[in-house]
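Sending over a structure as structure tokens; questions will come in a sec.
The values are calculated or read from the model by the stated rules, or taken from the named source; none is laboratory data. What you are looking at is a predicted structure, and each value in this text was computed from that prediction instead of being measured. Counting neighbours? That spans all protein chains shown, and the Cβs are built from the backbone with ideal geometry, glycine included. Heavy atoms of the whole protein, side chains included, go into the accessibility calculation; ligands, DNA and RNA do not. Shrake-Rupley method; radii C 1.70, N 1.55, O 1.52, S 1.80 Å.
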Amino acid sequence: MATTAKFEILGANASNANWDGSPLTLSYRESAAMPQTTNGSMIFAYQNTAALNNAGKLALTSGGSQPTILNVPALLSQPSILVNNWQANNLGVTNISVATATPIWIEAFGPGLPGQKPVPLAINTALTLKPGAIAQGTSTPNWMQLTLGTNTGQLVVVAVVGGPQDASGNNAYAVALNSASGNTGPGTPTPAPQGYYATTGGNNYSFEFNWGSSVVYVANLSPSTASSLTAELLSL
């Protein structure tokens, strides 16, 4: 009779067995566990903070599925992101880097996660968000427009969560401004890079929607050295 294999590294050295998504740095073979994820899209952000040129790896486990392995590049001053709906399952994260001196920072983003303090996203009022900052507001039951912009040519990465879920259970959208990928995603002939809803080679992007009276969540996931993002929620 076959038995389920037990992992000897994944989740074995849990420094935080009740991780709530707050910023956390995992050392070599250290792990964290979120007992229950949301039943909607969540943005998982991760960054290799090693001073040495050490490439890193993370292993994500959830439910009884096989681990998801994420490569974590060295010497980048910006987070990588994974948008997923873990459907209220648990989520385990383990640093499985080869070199011991490879700490990896992790954080989860999404409406209602503990430890987050979003600033109000008021309708028809422009808001400035530094890298790592979060805003949240409520749309009115009509067509809305969320404008995202920066006054520089630096890369800006934004995550937006809200509205109904699609067929795959997703209701999160990652957008990159001043992207090397140029214009991709809806309305263009080129699919967006993996994990992204859209990218643009310019420094402005607008997102139109009608979600009724719904939460609109915006997180600036840009590199730590990037300029601020300007976001404005408009009632059309």
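If you go through segment 84-111 one residue at a time, how many are hydrophobic (A, V, I, L, M, F, W, C), part of a strand (DSSP E or B) and surrounded by fewer than 21 Cβ atoms within 10 Å (Cβ to Cβ)? Explain how you work it out, then say what you get.
In the first step, residues of segment 84-111 are kept if they are hydrophobic (A, V, I, L, M, F, W, C); the result is 86, 88, 91, 93, 96, 98-99, 101, 104-106, 108-109.
Narrowing further to those that are part of a strand (DSSP E or B): 91, 93, 104-106, 108-109.
Among the residues that remain, those that are also surrounded by fewer than 21 Cβ atoms within 10 Å (Cβ to Cβ) are: 105.
Counting residues in segment 84-111 that are hydrophobic (A, V, I, L, M, F, W, C), part of a strand (DSSP E or B) and surrounded by fewer than 21 Cβ atoms within 10 Å (Cβ to Cβ) gives 1.
Quick one: how many residues across segment 207-234 are more than 19 Å from Pro118 (Cα to Cα) and open to solvent by 50 Å² or more (accessible area, probe 1.4 Å)?
3
Taking the condition over 15 Å from Ile134 (Cα atoms) and either at pLDDT below 90 or open to solvent by 50 Å² or more (accessible area, probe 1.4 Å) (or both), does Asn183 pass? Even if it seems obvious, please write down each step before you answer.
Numbers: over 15 Å from Ile134 (Cα atoms): yes; either at pLDDT below 90 or open to solvent by 50 Å² or more (accessible area, probe 1.4 Å) (or both): yes.
Yes; evaluated as a whole, the condition is true for this residue.
If I ask for residues that are under 10 Å from Leu229 (Cβ atoms), open to solvent by less than 30 Å² (accessible area, probe 1.4 Å), outside any loop (DSSP other than H, G, I, E, B) and of a type in the set (Val, Ile, Thr), which ones from segment 120-174 would you list?
Val156, Val157, Val158
For residues that are open to solvent by 50 Å² or more (accessible area, probe 1.4 Å) and over 28 Å from Val160 (Cβ atoms), scanning just segment 60-83, find the one that is modelled with the lowest pLDDT.
It comes out as Gly64.
Return yes or no: is Gln66 out of contact with any Pro (no Cβ under 8 Å at 6 or more places or on another chain), free of Cβ contacts under 8 Å to residues at least 24 places away in the same chain and in a loop (DSSP other than H, G, I, E, B)?
Numbers: out of contact with any Pro (no Cβ under 8 Å at 6 or more places or on another chain): yes; free of Cβ contacts under 8 Å to residues at least 24 places away in the same chain: yes; in a loop (DSSP other than H, G, I, E, B): yes.
Criteria met by Gln66.
So the check is Cβ under 9 Å with 6+ separation or different chains; which pairs have a first residue in segment 193-206 that's among the hydrophobic types (A, V, I, L, M, F, W, C) and a second one that's open to solvent by less than 50 Å² (accessible area, probe 1.4 Å) and in a strand (DSSP E or B)?
Ala198/Tyr173; Ala198/Ala174; Ala198/Val175; Ala198/Ala176; Ala198/Thr184; Ala198/Tyr205; Ala198/Phe207
Could you list, in sequence order, the residues of segment 35-59 that are in a strand (DSSP E or B), within 18 Å of Leu10 (Cα to Cα) and open to solvent by 10 Å² or more (accessible area, probe 1.4 Å)?
Of everything in segment 35-59, those that are in a strand (DSSP E or B), within 18 Å of Leu10 (Cα to Cα) and open to solvent by 10 Å² or more (accessible area, probe 1.4 Å) turn out to be Tyr46, Lys57.
Now for a different question. Quick one: is Ala159 without any contact (Cβ under 8 Å) to a residue 12 or more places away in the chain and not β-branched (Val, Ile, Thr)? Don't jump to the end; show me each part of the working.
Working: without any contact (Cβ under 8 Å) to a residue 12 or more places away in the chain: no; not β-branched (Val, Ile, Thr): yes.
Spelling it out, it is not the case that Ala159 is without any contact (Cβ under 8 Å) to a residue 12 or more places away in the chain and not β-branched (Val, Ile, Thr).
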